[in-house]
Every structure is written in C-alpha cells, then in structure tokens.
Amino acid sequence: MNSTGTAPKAAIFDMDGVVTRTARLHAAAWKETLDAFLRDHTREGTPQPPFDEHAEYLACIDGKPREEGIRSFLLARGMTAAPGEQESLAQRKDLVFTRLLRKHGIETYSSTLALIKAMREHAMKTAVVTSSRHGRAILHAAGIAGLFDACLDGMDLAQLGLPGKPDAAMFLAAADLLGIAPALGVIIEDAAAGVTAGRRGCFGLVIGIDRGGNAQALRRAGADLILPDLDGFGINALEEAFRQQAEARAWRIEQEGFDAGRERQMESLFSIGNGYLGVRAAFDCPAPGSQADMFIAGVYDRKQDALPYSEIEFLSPNRDALLHAELVPIPFPFRVSVALANTALDLSSSGRDLRRVLDLHAGVLHAEVVHETPEGRCTLIRTRRCASLVDIHLLLQDIVAAPQNHALAPSISPSLEEPDLAAHHPHLVLVERGTAPDAEWVRYRTRASEIEICIASQSRRSEHALQRLIAVYTSRDTEDPKAAALGHLQSLATCDFDMLLASHTKAWAEFWTRADIRVPGHPDVEQALRFHSYHLRLPAGDDGRTSVGARGLTGRAYEGHVFWDTEIFMLPFHLHVDPPRARSLLLYRHHTLDGARRHAVELGCRGACYAWESTDNGRNVTPKSILLRSSGKEIPIFTGEQQIHVTADVAYAVWRYWEATGDEEFLTGAGAEILYETARFWQSRISRGARHCHIRGVVGPDEYHYGVNDNAYTNWMARFNLERAAWLARERGDNLAEAEDWKGIAQSLYVPAPNEAGVIEQFEGFFALEDYALPGEDRFKAPLSRLFDWDRINRVKLIKQADVLMLPLLFPDAFTDAEVAANYRYYEPLTDHGSSLSPPVHAAIAARIGLAEDAQRYWRQSLWLDLSNAMNNSMLGMHLGAMGATWQALVFGLLGVRFRDAGPTSAQNTASHLMPGWDSVALRLCWRGRWHALRVPGANELES
Ligand code: BGC
C-alpha cells in the first residue's frame, strides 16, 4: 500500500527534557531564583511557600519563554511584580542556569538520539524547537547540532517576533523551514504548553513525554500518545501511531481556539441533527453574537422581513401572507451557565483554549473551554451533546466543570429561557414556561402558522457534572406537545444516560457501514467525504411529510426552502446508501401534490407544477424580488414562475428511485400520481407549433437568463417526464387517452440537438448573445454586481451554473464522449459558478471525458467548499446540494460507476487516470435490494 498521506515526513522535537537533560537544570535554576524572590515577598503579609520545582514548574513554567513563565507563575500565586522586577528575575534565572550548566555539563537522552538517527535514515527530516535562548549553543556544546535540519530557539523567537508555546507559531515556523505540511509532521514534547501548541498547529501526531507526574496534564493538553521515554520506540511504532492517529482524525472535525468572526460559520459546520431537528453548534454558554438556533423539520411560519434570504445582504420582503413561508429558528435547547463564587463565567472575557470536536462516527459534538478568572482560577468545562438518531424527539447533553487549580465548586445552571426572544426568534410567542425540581419546560407558538412547540428538559446532577435529557415535540406531531414532551422524559426517567447515548452512537455506526467511502492513504479526503455524508444524513427524516431544504437544518439561508437540490443533487446519495430514506423524501413530493396543483392553476395550467421553492405544503414560496440591505435596491426574481424544470426533476427522481429499488408499490401508487399529474402540467404548459411543441418563457438551471424559450435542459427533462408517464399509463392500462397525447407531445417536443460542432444550444438564441469577458477572479465568487446587472446579464453569454452540462450527468448513456467534450469545452469557460452546485457537476463531466486536471480541481473545490468557507456564506448553513453533487462526482464521475441489471460497474479506465496518488477507492452501493461492495483501483495501483 502506498501511504502518501499516512507516513510522517518530519519530526519536531522540543529540546529540554526531550533531547537534552536540561529540564532539571532549568527547574533548579528557577527554584533558586524564585525562592529568593519569594523570601523577599509576602502576599498580604503571609509568607510564601517555596517554589515547587515539580508541580509548579510543570504547570506554569515548562515550555514557555522566561517572561511568560514568570507571568503565569505570579498569576497562579495571586502575586504581582513590577515589570522591571520581572525582567530582572528572568535575567537572574539565566545567570543561574548558565552557572548550573557549566557545573553539571550537558547530558542527552540516548533513546531520543537513537530515534532521531533512525528517522534520518528513513529520510525523515528533523528539527528542534525550544523557548530557551541557549538552545543553539547547547546543541553545539553537546555535539548534536548535525542531527537536525532546522533549529529554532528563544533567540529566533525574539528576532522573528513569534509568540511562545502554547501558541503554535514556533512549530509552524519549524515546519515551514523543513518544507512540510503540519499534518505530515510529528511533535515530540514534554511540556503541556508544547503539546497544546502541537495540537493547535494541527500536526499529524503529538507525542507527550512524561518523565514523571505530568501524564494527566499532557493528556488534557491533547497529546495523542504519552510515553515515559522514547526508549524502544522505533520507526515502525512511530509510523503505526501516526497512521492510527490519521485514521482517528479522519473521523473528526476539530476546531482549536475562538474566533468571534468565524463563530457563526463554526456553528453551522459542527451542527448536530437527526432528520427531525437540527441544532447549530453554539457553545453551551453561547458566545456573544452567536446564532444559537434549533430548527425542526416542517415548522414554518409567515415570512419575517428582517431575516436574510440566501446571503446576509439579501432580504426577501414579506410576500402573499403565506403562513408557511419561512423555517422557524427556535431557541437553543442546550443553554447552560456556569458560575464560580456567584460570578458567571463568560466565554468572551474569561474563556480560553477553546476546542470543538465533532465525532462524525458517533454523531456527538464535544466542546471544551478553560475559564480563567482575573485571579487566575482555572476551570475546565467539558460538554457533549447529540440529537438521538434512534429517538428523534430526544436530545442528550452532559457537562462537567472541573476546577484545575482551585477548590471552589462551580455551579452549573441549565436554562431553556431565551434572553431575547423577540430579536432572535421573531416568529415565536412564549406561551408558557414552567419549572419543577431539576426539570423545566417551555412552550412557544408560531405567530401566523400557530404551530406549538414544547421543549422540556430533565437534569441529573452529580459532583461538578450535569446530564440533561431534552424532549422536543410540536403540534405537528401530537395534539398536546407539552404532555408528549413531559411524558417522554418521564418514560426515560430510569434510563441510564450512557445507555441512551450508546444506542445513538450504535445507530450512527450502522449508518457508516453503508455510507463510508475509503480512500486508503488519504485521510484528509476520507474526512471531508465523511463530513459530507454526516451532513447529508442530518436533515433527512423519514416521516414522508418533510423534505430537505437547500441548507438543511443548519442555518437560516433560503428560509428552509426545498429546491431541486433534493431530488437532483442529494437523492442519489440516499438512494444508494439508505433507499427507504430516499423513498421518504419522495413521499414529501406526493404529500405536497395539492400545493403543486395549486401552483399549476396559478400559472394558468393543469396538473401539478412543483414550486421552485417549497415548504411543508408545496405552495410556491419563491420570493418575487430580493431587497439589497445596503442600498435598498429591489431586484426582480423570475424563478418562482419560470423555473419549472423542478417539476420534471421530481418525476425524474421518482423514475430513478424505481429503477434503483424496483419498488413497484411506490411506482404504481404515489409515483404514478406524481408522474401523471406532472405530465398533465407539461401537457398544458407547452405551446403547440406547426412542427414542434415548445416550452416558452422559462428559467433553466442557469438563473442568469430568464424568459427564455426551449431551454435544452427543461425540454429534455419534460420529455422524459411525459415519456415515463405515458409508459406507466400503458403498462397499467389507465389514463390511456391522455397517455397517447403525452407520448405525442414527447415525440414532437422541440429538444435542441447538437450543432455541427457538437454543441447543444442552451436555449433558443443563446449562440447569438453578446460575448462576455469573464474576469478570472470573478469565477466562483459570483459578485453581487451580477444581480444589480440582472437585465444586462440576461443578454450576454455568461452562465451561473451547469445547465446543458446537467444532461450528461443525468443521462450518461444518451451522449457520446465527443458530444460531452464539445459541450464542456464550449460552456465551461462561460460559467462563473455562482452556485455551489456547479463545480461538482463540472468535476463529474470533466472526469467522464478524461480531463483529469479539471476534474480534480473542481472536485477538490467541492469537497472542501464548506470546510474552507469558499463561498463565504457557510455561516448561513451547509451547502447540502453541493455535498450530494460531490458524492455523485466521485461515484459517477471519477469512478465512472454505472448501474446495469447485474449491479454497479466502474469504468476503471477513467478512474485510473483521475486520481493521481490514490491507490484505490472502496465503497458500498445498494442496487435493487442488494448491497454491492465496489473497490476501484486508482492510478497508483494500476501502474504498479
Ligand atoms: C442555484 C439553484 C439552487 C439554489 C438553492 C441557487 O443559487 O442557482 O440552482 O437550487 O441556489 O441551492
């Protein structure tokens, strides 16, 4: 196996205590210096105990530059010293250290030197990093400078202006000098501050050396492995530990440190959910400015003007007084406050060393933060939460507040109260709040749609810890949500918290047996793929009444509306990973047929026209205009009336579902009704010409052009819809007269054919539009000015997203490679990828025609779209359509999977050229009730 991504390339060693035995000399020098200081200083008249060269040295000083060490020592002791005095202490310690060094000489750890030599024989690079100003001199004096490719010591630190550990700057600078990515580096440290620095720098493996009494601190700081010494720890053990760590990390998403500017983005990324509800990942004590929302699938209310549409800058004014127009942000259920000596700990002022870890395998979000009071009292708060995957009305939370250097007992108070309901949750009216010992409930009602929501919580306490069971019900589920929520908690009263958690994690583990995709040697790719599968699963319920909005249940963008994203981009994932869930999502379209019928009538047609943007009842909730917050300018939106291809997209998905599952009951029941009603819509929507039928005045997938005629994509999809409806009617022997007409229309519907260059015209007249010079930097950014210029953009050859190129994705066998290539080469340069759905489609198509570089680039862009916040709007929710499309680009594009009667097969020739550095890809796909394990060899394996 090639192990490009799982073998370490370099190791960075801390010096004192890891390479050289100077840590003891440092501790002794500090003791001599600080004891003299302590003798001269009393605290509030009380004599000070002498410096503890073990515990205090490790807790406050070890690993830090001298000045910082003094500062944290004084803080922990509750003492102060004038700045000049601190400086002279630092100088004194230096003098004492030099004296001790001369007296005792420099000893090294032979075990460490043996490992360093072995590493170098294995072509690994090595560096040494120390906050000591004597670092380089010591290496030379010990005669070991030649063992390192790079060295950074306290002098360099000062010269480069780098902060000391626990900041990651020194290690990152060393990685830079070695020319390696941190993820490929190993950190070997004996100080907790150094371990923290290694973690913050996202190094591939952080080893803590505990030479006595420091293991707990090293573990808490995040060491992946703790060893008493490097004796016997050779290259094989190192590589194995590195590989295991990479494997484990590929199941986690981690955030280190707090950044107020990115907090809302993090809250989206780390969301939890279970198909019934989703909760953003605000901290249990939410940071100021956090968007601590919970969303419940299907809970919509009348539009509130002030809430954003798809971007913070866009507002969609209240429209048509529709009662179910906007997904309701519901108050955060995990709110807790922690107080020390009656003072609440506040994330923004006292929080530090903050860390979030999303365990994708278990579906559990972990968070921790250390609160340090002005007096230097440190309290570690560690929390866990999940939305049970087996009991969808249940949320679990636990929280531990552990004093680190004091004896005060922190108090933990959970609360369902939202401090500012009107500002943060304008859809809701508070109906009731009630409390009982260790229990609490709150009832809200949505203002217009009058849905009642009850959240109830029950707390279990033990020393410094609290466990909470939270139940959520709405009047969509039951007549009396309060009775249901309280009853639910009651029924769980004797259940063990850990057992409830275990059944949840078991359900996630079961999901992963179906959904996981292995790319050996590329844990970063596996991690991102898992992140996508996790997010695709979160909002997908199985009630048959709700579907998935463009951003799921992770944010406010698109107001929770359901688009074609679900059927065309997300559904294939569910179809081949969890077919019953795909069925349930399609049942939503059956459930909302009446709304679609009504929309057809609004458009002067018959049958059912699915709304471009739909909520729980299928009514058309697409905004008619967008208001720009900054300028107040209003931009018309035509998609609500014209982007009718969504109707055929639903029919297409019904068909694909049946093909993939053979679920006759669905096809002849709900499926038939959808196919017939949508065919009736097209029957009434087309214009009959002398030779052909046409579909006029539409918006295709490319939303930069409105009012166009015969959009190739729309017409192709409508034809498919009509053909399948006619076929099914004939098979079943019903609606035969109509079926004849559907068939006739399908045959005469004008569907643009490739021109002599093989290019299909996107719509009538597209080729004659003005050319448009698309500046390179505008691609993927979709500048706002596009929208200001909506009328001009309508007249030029500029495309928002894959339009014609959608066809070979959905109908791979209908086009030759040459035709696909001609269209890719024509349309790709005209596309600015203003939609996140566009790059993954381009990846799939480029892969199909062997444009390896394009395929890789577009695919990687899509894979890391939200993790890198590429569109700068992840704070409003995850891009689920793009995640589903990325899955398709891998499976259908890069791997070239096609389904034949016998099951899935892969066009291995395609794969072999498309994944430089990949050995293989392994996954499981469900097809017609059977699971097929697929292992596709990549370029590496085929070449070897
Ligand atoms: C895209 C649509 C998509 C919608 C929701 C728009 O920007 O153009 O294709 O359905 O976003 O994701």
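The values are calculated or read from the model by the stated rules, or taken from the named source; none is laboratory data. Treat the numbers as computed from the prediction; the structure is a model and nothing was measured. Heads up, the Cβs are rebuilt from the backbone with ideal geometry, glycines too, and the neighbour counts pull from every protein chain shown. Ligands, DNA and RNA are stripped out before the accessible areas are found, and what is left, the full protein with its side chains, is counted by its heavy atoms. Shrake-Rupley method; radii C 1.70, N 1.55, O 1.52, S 1.80 Å.
Brief remarks follow.
- Helix 712-732 vs. the chain, principal-axis angle (Cα, 0 to 90°, nearest 10): 70
- Excluding ligands, DNA and RNA, the accessible surface per residue across the chain is 37 Å² with a 1.4 Å probe.
- Prolate/oblate/rounded call for region 158-246, Cα gyration tensor, a/c under 1.5 rounded: oblate
- Cβ charges +1 (Lys, Arg) and -1 (Asp, Glu), total dipole of region 107-209, debye: 80
- Square roots of 5 times each gyration tensor eigenvalue, C-alpha, region 557-616, largest first, Å: 23, 13, 9
- Each Cα pair of region 480-635 feeds into the Kirkwood radius, which the Stokes-Einstein equation turns, at 37 °C and 0.692 mPa s, into a diffusion coefficient of 176 µm²/s.
- Of the residues V96, L58, Q48, the one whose Cα sits farthest towards the positive end of the charge dipole of region 19-165 is V96 (charges of +1 on Lys and Arg Cβ, -1 on Asp and Glu Cβ, taken about the Cα centre).
- For region 67-129, GluC sites (Glu not before Pro) meeting the loop criterion (DSSP other than H, G, I, E, B) and having at most 15 other Cβ atoms within 10 Å: E107.
- Put simply, the convex hull of the Cα atoms in the chain casts, on average, a shadow of 41.9 nm².
- For the pair M79 and H406, label points projected 7 Å from Cα toward Cβ lie 2.0 nm apart.
- Histogrammed with a bin width of 5 Å, the alpha carbon distances of region 824-914 distribute as 3, 15, 24, 21, 17, 11, 6, 2, 0 percent, first bin at zero.
- With the biggest extent put first, the Cα atoms of region 77-129 measure 51, 27, 18 Å across the principal axes.
- Shape category assigned to region 154-194 from the gyration tensor of Cα positions, a/c cut at 1.5: oblate
- Inter-part distance where region 504-540 and region 97-164 are each reduced to a Cα centre, Å: 42
- Farthest toward the positive end of the dipole of the chain, out of G298, F780, H692, is the Cα of F780, where the dipole comes from beta carbon charges about the Cα centre.
- P(r) tail for region 276-320: Cα pairs beyond 17 Å make up 53% of the total.
- Taking every alpha-carbon pair in region 172-299 and binning the separations at 10 Å intervals from zero gives 11, 31, 30, 19, 8, 1, 0 percent.
- Candidates A651, G640, T661 compared by Cα position along the dipole of region 612-670: farthest toward the positive end lies G640, with charges placed on Cβ.
- Whichever aspartates and glutamates have a C-alpha closer than 13 Å to that of K482, once near sequence neighbours (fewer than 8 apart) are set aside: E432, E440, E452
- Segments 14-23, 764-773, 205-214 sorted - mean Cβ within 10 Å per residue, highest first: 14-23, 205-214, 764-773
- For R39 and S462, the FRET efficiency from 1/(1 + (r/R0)^6), where r spans their Cβ atoms and R0 equals 45 Å, is about 0.55.
- Between region 680-751 and region 774-841, the C-alpha centres lie 24 angstrom from each other.
- Pair-distance distribution P(r) for region 711-752, from all Cα-Cα distances in 10 Å bins starting at 0: 35, 48, 15, 1 percent.
- For region 158-249, the Cβ-based charge dipole about the Cα centre amounts to some 340 debye (Lys, Arg positive; Asp, Glu negative; other atoms uncharged).
- Working value for region 758-856: equivalent-ellipsoid semi-axes of 23, 16, 11 Å, each the square root of 5 times a Cα gyration tensor eigenvalue, largest first.
- Efficiency of FRET from Cβ geometry, Q216 and E602, R₀ 41 Å, rounded to 0.05: 0.05
- Ranked by the mean number of other Cβ atoms within 10 Å per residue, highest first, peptides 320-326, 289-295, 885-891, 495-501 order as 885-891, 289-295, 320-326, 495-501.
- Size of electric dipole in the chain: Cβ of Lys, Arg +1 and of Asp, Glu -1, about Cα centre, debye, nearest 20: 400
- At an R0 of 56 angstrom, the distance between the Cβ atoms of T668 and R691 translates into a FRET efficiency of 0.95.
- Once the Cα atoms are used to define both axes, helix 66-77 deviates from the longest principal axis of the chain by about 90 degrees.
- Computed over the chain, the per-residue total of -39500 (n - 2.57) for DSSP H runs of n ≥ 4 gives a 222 nm mean residue ellipticity of -11000 deg cm²/dmol, rounded to 500.
- Annotation: extensible slack from L113 through R930 equals 288.6 nm (criterion: 0.36 nm per residue apart, minus Cα-Cα distance).
- Distance between the C-alpha centres of region 30-80 and region 239-258: 36 Å, rounded to the whole angstrom.
- Here the label points at T435 and R732, each 7 Å from Cα along the C-beta direction, are separated by 5.7 nm in the simple model.
- Cross-link pairs beyond the 31 Å C-alpha cut-off, checked among K743/K800; K125/K165; K9/K31; K303/K800; K31/K125; K9/K165: K743/K800; K9/K31; K31/K125
- Between 0 and 90 degrees, the angle of helix 593-602 with respect to the longest Cα principal axis of the chain falls at about 60 degrees.
- Surface share of carbon and sulfur [accessible, 1.4 angstrom probe, percent] for the chain: 50
- The Rg/Rh ratio of region 54-152, with Rg taken over Cα atoms and Rh as the Kirkwood radius over Cα pairs, comes to 1.06.
- The alpha carbon convex hull volume per residue for region 658-784 rounds to 172 Å³.
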